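Here is the structure we will look at.
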Amino acid sequence: MSKVLQSRINPSEYENEIYEKWLTSKIFHADEKSSKPPFTIVIPPPNVTGSLHLGHALDCTLQDILSRYHRLNGYEVLWQPGTDHAGIATQNIVEKELIKEGTSKNEIGREKFIERVWKWKEESGNNIINQLKKLGCSCDWDRLRFTMDDGLSDSVKTVFVKLYNEGLIYRSNYMVNWCVRCNTAISDLEVEFAETDDFMYHLRYPINDGSGDYVEVATTRPETFFADTAVAINANDERHQNLKGKSVILPIVNRVIPVIEDDFVDTEFGTGIVKITPAHDPNDFVVGKTHNLEMPQCIDLNGKITVGTADEFDGLDRYDARKKVVEKFRELSLLGEIVPLKHNVGKCYRCSTTIEPMISLQWFVDVKDMAKEAVKSVKNGDMRIVPSTWDNTFYDWMNNIRDWCISRQIWWGHRIPAYYCDDCNEIMVSVDTVTKCSKCGSSNIRQETDVLDTWFSSALWPFSTLGFPEETETLKKFYPTSVLVTGFDILFFWVVRMMMMGLKVMDKAPFKDIYLHALVRDEHGNKMSKSKGNVIDPLVTIEEYGADALRFTLTILAAQGRDIKLSVNRIEGYRNFINKIWNASRFVLMNCDDVALENKAELDLSKLVYEDKWILMQLETACKKVAKAMTNYSFNEAANELYQFFWLNFCDFYLEIIKPRLHSGDEDEKRIAINTAKYVIEKSMIALHPFIPFITEHLYGKFTDAETICFEEYPSNLDFKFDDESFMVQSAIDIINSIRNIRGEHNIAPSKGIEVFFEATDPKLNIMIETLSKMIKNIAKVDDIITDRKPDTEAVTVIGTGYKVMVVLDDLINIEDEIARLEKELKTLEKDHNIYGGKLKNENYLAKAKADIIEKDKEKFEEICSKMKTIKDTLVGLKSK
RNA sequence: GGACGCUUAGCUCAGCUGGGAGAGCAACGGCCUUACAAGCCGUGGGUCGCAGGUUCAAUCCCUGCAGCGUUCACCA
């Protein structure tokens, strides 16, 4: 590789090449036999159907930062990758393909269909993996797992059997959310509520006492009336005392149903009379149970009406039936008002079809006790949620958790390891295939056709991927994992279920920390969506700006507890930072001789000059702040610290300041300067590497003969003791800024040299100016700094802390303007003077404030006084002219 | 309805246990200074949502209010 760099960065020239290098040299491989302390992250497995979006990009960038950071800090890092089979989502995709081909899953049958899904998975399931590589993810790809591979299937079966044997998994007829399109039950979490414009229909049921009176019930779902088995009133409702003990007649089907009394009926709402349909409404189901009502169904699994007694409705779609029922009631003069109503309707989260509450025989996990254990673990600190604002939400949800419906009536997924004997009805649950009934010996056995909820297998992910149920070395070394990084949107779907399963199955919480990050939105805070056309495609972005730029942008914007508002503009801005690093390196490389480039920079502390010591102190401070930020997962702070350090301190100041030394002709002087610069770059590359891995690896290879940057030591333990020198340089920077300010304000051409008069009011600065005058002169383009006399004509003056600088201009300065400017400055100072002066006279303050605060304020006050005096003196001088 | 969060410069936001109001972008003025115009130098701009309270001291802690947002539960 050539050491010469172009002046503009082109990430595509090196990113792929670098990644290939990492792969071939097995940099990311985690060794279970290593003696280093383990650091483990399991990736939230993306769906095999997925394509990389910004959510993944953020999620994986943060995980990669943590992985690389810990590698640099001496940990044996395992970032465990994998993908999720995503039951319903994947099945839907393949089903659509079949329909396009003019066939269907039912036509080809279960076995062929599953074969087909596997084929699809082999062909396109690795898309997302390849996309993660583009981002630079340092996963141990040799350990890539899939939720349906053999090992993980064993895990699933083992855990299922364990929980079944402990009585925590049971089978029951219960009200579930049924998707009539996907033809499966889904869990409560998988139902999304959407506000919908609808109508409230008032229906009249004749009272069964020959009086000709009727009761009026209100419903949004008239089509369910076929399955009504009661109408309910509140026993305390004055209006309906006459209905107690009576019954009513369901019109059309002419079935008699009782009037029952139940507290759940709200006397304030509607007519105070509720139709009860236990089979198609969760609340009514509860009422039905308490009153022992029959629970006939009138809607089948496909959403079609089935009532044996009203043929004209049979087979109608539920919405068509609704219209027809309303019409029929109208014909019978039993229709009351129809009132428009906005309410929330549950939809399937995979296909948005309206959910039908349905009673069916399903498998459930009793999670109450497991939830308690998880809560305990968070409360006692075994697990920590970051940011902790999620704690309450977590507790609240866990305390109200309901049993988890885990069976799905689809084909793609882990088939439930339960077997039924057709002869004696015995149910057997087993890891191994059952061929013979354990009770009656019959071989008339069939396996449960339902599969498990996708989230059941992902709940086991932190240990199933590491080898469970085998007690592998990997499992021993890397479980429990260190931190889980994911979006808060799957806290309940996934995170809490991993917590419960980890504690239950492994007896240990699956991770120590849970870092929940926010969502990525567009620059105005809107959700990105194809229909809005505001989607930023990470792959396109990587192509144009490089993975490093995308990563750095996401990281620096990832403040805790707030959504990320991303724009291409921002990415471009941070691409410029990458370019800055590139050019700074280019500059240093140009000035290094070949010998220097063969080795890592070693500092000879005795030979360093002031600015060298200053930049080293700046480096040290920055790295320490990064280390601190990283322990709190404050990624944005860490990135910002490095950004400021590298660009402002190192590039804008240090590299500018050493230029004269590089061109002085003195080889020794040059070597020390460039060696320090090289040292700082090397350390900066390591410090930046977790955030922007590609360019740092690339450049590190140019500066040193190291094979890779990935295992260098993170520079968080630097300990230079150059406080005095650093202070001196800091003062010089102040003075330089003052001079630059005069130049800028008065439009003095940068190329034009000037004379500066310097007057110290703080004697310490006299030493400084003597020592550092060369540096100041160079960088501020000053011909001479005059300290032994005052200017003899009017000069522009800037008052700093402990000094003032004056510049005589070629053209006469406008004395009026200058006076006005100084008076304005004096006014601001007077304000501060009053604030601090008042404080220091306040006895309460002096008595109660901490000593160091008072000390600081005193210094500040003196500084203000001194500045004011200098300004006043200057004003007197100006006004006398 | 419950819970949580947000409100700081024109925009997007930092500001972690109370004691100096900051960054990036945008704006404006000036620079082709041989690493970088994807750059350099400089400048302006904020009663830190409103009203109280605690404190010697509040952007920060407490209470109330307003606006916005997220989430959970959903009444026929």
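State which entries of A:LYS721/A:LYS774; A:LYS530/A:LYS565; A:LYS858/A:LYS879; A:LYS275/A:LYS323; A:LYS565/A:LYS625 exceed 21 angstrom in Cα-Cα distance in the structure shown. In this structure, A:LYS721/A:LYS774; A:LYS858/A:LYS879; A:LYS565/A:LYS625 exceed 21 Å between Cα atoms.
Computed from the C-beta positions of A:ASN10 and A:PHE727 and an R0 of 35 Å, the FRET efficiency is 0.25 to the nearest 0.05. Between A:ALA849 and A:ASP317, the FRET efficiency from the beta-carbon distance, with R0 = 60 Å, is close to 0.20. Extension gain, A:GLU373-A:ASP300: 0.36 nm per intervening residue step, less the Cα-Cα distance, totals 22.4 nm. Compute the Cα gyration tensor for segment A:433-494, then decide on rounded, prolate or oblate, letting a ≥ b ≥ c be the square roots of its eigenvalues: rounded whenever a/c is under 1.5, prolate when a/b is larger than b/c in the other cases, and oblate in all that remain. Oblate, since a/c reaches 1.5 and b/c is not below a/b. The heavy atoms of A:ARG330 present about 120 square angstrom of accessible area, all protein chains included, probe 1.4 Å. A simple count of charges around A:PRO37, restricted to other residues whose Cβ falls under 11 Å of its Cβ and scoring Lys, Arg +1 and Asp, Glu -1, yields +1. Listed cross-link partners A:LYS607/A:LYS659; A:LYS26/A:LYS121; A:LYS831/A:LYS867; A:LYS33/A:LYS476 are compared with a 19 Å cut-off, the Cα-Cα value being larger for A:LYS26/A:LYS121. Using a probe of 1.4 Å, the accessible surface attributed to A:SER12 totals some 70 Å² when neighbouring protein chains are kept in position.
Spacing of the modelled spin labels on A:LEU341 and A:LEU648, each 7 Å from Cα toward Cβ, amounts to 6.0 nm.
For chain A, the longest principal axis of the alpha carbon atoms and the long axis of helix A:764-779 meet at an angle near 80°. Using the Cβ-Cβ distance between A:LYS600 and A:ASP783 with R0 = 41 Å, the FRET efficiency computed as 1/(1 + (r/R0)^6) comes to roughly 0.55.
Take the Cα of A:ILE427, step 7 Å toward its Cβ, do the same at A:VAL568, and the gap between the two points is 5.7 nm. Charge tally for A:SER443 (other residues, Cβ to Cβ under 13 Å; Lys, Arg +1; Asp, Glu -1): 0. Full extension of the chain segment joining A:ASN254 with A:LYS532 gains 94.9 nm, where the gain is 0.36 nm per residue of separation less the Cα-Cα distance. Ordered by 1.4 Å accessible area with all protein chains kept, A:SER35, A:SER880 run largest first as A:SER35, A:SER880. Among A:156-164, A:412-420, the peptide with the highest mean count of other Cβ atoms within 10 Å heads the list, and the full ranking is A:412-420, A:156-164.
Each label point was placed 7 Å from the Cα along the Cα-to-Cβ direction; for A:LEU809 and A:THR472 their separation is 7.6 nm. In plain terms, the chain from A:GLU17 to A:LYS246 could stretch by 74.2 nm, reckoned as 0.36 nm per residue minus the Cα-Cα distance.
The values are calculated or read from the model by the stated rules, or taken from the named source; none is laboratory data. Because the structure is a prediction, the values reported are computed rather than measured. For neighbour counting, all protein chains shown are included, and Cβ atoms are generated from backbone atoms with ideal geometry for every residue, glycine included. What goes into the accessible areas is simple: the full protein's heavy atoms, side chains included, and nothing from ligands, DNA or RNA. Shrake-Rupley method; radii C 1.70, N 1.55, O 1.52, S 1.80 Å.
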